[in-house]
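The values are calculated or read from the model by the stated rules, or taken from the named source; none is laboratory data. From a predicted model like this one, the values you see are computed outputs, not experimental measurements. Glycine gets a Cβ as well: all are built from the backbone with ideal geometry, and neighbour counts include every protein chain shown. To get the accessible areas, we keep the full protein, side chains included, count just its heavy atoms, and leave off ligands, DNA and RNA. Shrake-Rupley method; radii C 1.70, N 1.55, O 1.52, S 1.80 Å.
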Amino acid sequence: MRHASVLLATEAFFTRTVDAGGGQPAAEPTADVTVAFSSNAVATRVTAGRSTLGATPLAVDGDAPPGPFSTVGTPGILPFFVTLQRELPGMFSADVSIAYTATELMRAGIVPGSSAEAALAVGTFVGGACMTGMAACAEDGDCGANGPCLGVTYTILPTAIDTMAHVATAQTSSFSTFAVLNPNILSGAPIVPLVPGGGTARSDCRAEWEVVNPTNMPALVDGLVSTTQTCTDGDLLCDGDAAADGACGFRVAICLNESDASLPDCTPSETASVHIPLGRTPANAGALLDALAALGGTRVGRRLDRVSFTPALSGGHCTAFVQLSVPKGGRQKLRLRATSGARTGDTDRLRLVCQ
């Protein structure tokens, strides 16, 4: 696979090989990956490798797991991948244990030891095809003018997560490329808790904010849910660029028509349009509008500040996360209104504070 072979030449891997006897159990320990065979029909050499730069300042998007939706800092997907290779084919079964660090968890917006860590799973990479010509691909860049790369996904394996030792263990009978991720990434469901935004309780689930800021959960202020999200410049859990560089990179998505236990009186329906005023920071609002349009809508209006869905969007959908820059010591106010035909709209606000 092009993605893995290029990275082998550009970054460090922890690797070790072992000859597995035919039919005999064998273990393949590395610094970060253990392959424990329970059966093996053909004696052959096995190699395990793990990318290492994803949680460091040297990281680039190629250090993250393959897939157009995976970049360094993508919420819910740990910033490394594992490759398991076998010199000769043959039937086998093995448990793959993948260790990860607290820093790698935080880079993905996950609090170590939390329920969000427990929700992680090991996934086997499934490649896609370029939209034009149908050539095999792992990333949009593989396709050039024939892109984008469509159909990339991961097959989720039954996984045991040890939140104390930070280890994910899954059984496999094929060698491939693996990632540790939240399965909701593949379904478009929320990755982190939602922020309702302060609309009417009966319609507030039509649109909600999804903000990667796990230590700053929505709290009640004077009986109302606060929509203020605060981050410290350089905080791995909420600053998307993970650098103390004078600005906070809030990773924000918008979820439509989601069931939310915090809004028991709201029944999800459908969304025909979402309006986000461009305000004083048109770049941030525009990024959110583009993310909404990617769900199948069209930016319309004199200022292109509204996304229209025809037909109306039904079922739960979350946009991709976009990184919104707020200068240190500054704040950003965002507002949206989601409507469906003649039904009551949902007006939500979000206040981002960088300290």
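Return the residues of the stretch 72-88 that are surrounded by fewer than 24 Cβ atoms within 10 Å (Cβ to Cβ), among the aliphatic types (A, V, I, L, M) and in a loop (DSSP other than H, G, I, E, B); say none if nothing qualifies. Those that are surrounded by fewer than 24 Cβ atoms within 10 Å (Cβ to Cβ), among the aliphatic types (A, V, I, L, M) and in a loop (DSSP other than H, G, I, E, B): VAL72, LEU88. Here ALA312 clears all of (1) under 20 Å from LEU194 (Cα atoms); (2) not in a loop (DSSP other than H, G, I, E, B) except the condition numbered (1). Residue under question is LEU288, and the condition is that it be modelled with pLDDT of 95 or more, open to solvent by less than 60 Å² (accessible area, probe 1.4 Å) and within 20 Å of ARG351 (Cβ to Cβ); does it hold? Yes: the conditions hold for LEU288.
Listed by position, the strands (runs of 3 or more DSSP E) enclosed by the stretch 131-188 that each have at least 1 residues that are over 21 Å from SER38 (Cβ atoms) and either open to solvent by less than 70 Å² (accessible area, probe 1.4 Å) or at pLDDT 95 or above (or both) are 153-156, 177-181. A single member of ARG299, ARG331 is over 24 Å from the mean Cα position of the chain (by Cα) and at pLDDT 95 or above, and it is ARG299. With respect to the stated conditions, PRO112 fails to be in contact with a helix residue (DSSP H, G or I) (Cβ under 9 Å, 6 or more places away or on another chain) and surrounded by 18 or more Cβ atoms within 10 Å (Cβ to Cβ). Can you find a residue that is among the small types (Gly, Ala, Ser), loosely packed, with under 15 Cβ neighbours inside 10 Å and part of a loop (DSSP other than H, G, I, E, B) anywhere in the stretch 196-207? Yes, there is a match, as at least one residue in the stretch 196-207 is among the small types (Gly, Ala, Ser), loosely packed, with under 15 Cβ neighbours inside 10 Å and part of a loop (DSSP other than H, G, I, E, B).
Return the residues of the stretch 247-287 that are of a type in the set (A, V, I, L, M, F, W, C) and assigned to a strand (DSSP E or B); say none if nothing qualifies. Quick ask: steps written out before the conclusion?
Within the stretch 247-287, the subset of a type in the set (A, V, I, L, M, F, W, C) is 247-248, 250, 252-256, 261, 263, 266, 272, 274, 276, 278, 283, 285, 287.
Of everything in the stretch 247-287, those that are of a type in the set (A, V, I, L, M, F, W, C) and assigned to a strand (DSSP E or B) turn out to be ALA247, CYS248, PHE250, VAL252, ALA253, ILE254, CYS255, LEU256, ALA272, VAL274.
Collect the residues in the stretch 98-121 that are more than 14 Å from the chain's Cα centre (by Cα) and touching a residue at least 60 places away in the same chain (Cβ under 8 Å), keeping them in residue-number order. Answer for the stretch 98-121, where residues must be more than 14 Å from the chain's Cα centre (by Cα) and touching a residue at least 60 places away in the same chain (Cβ under 8 Å): ILE98, ALA99, TYR100, THR101, ALA102, THR103, VAL111, SER114.
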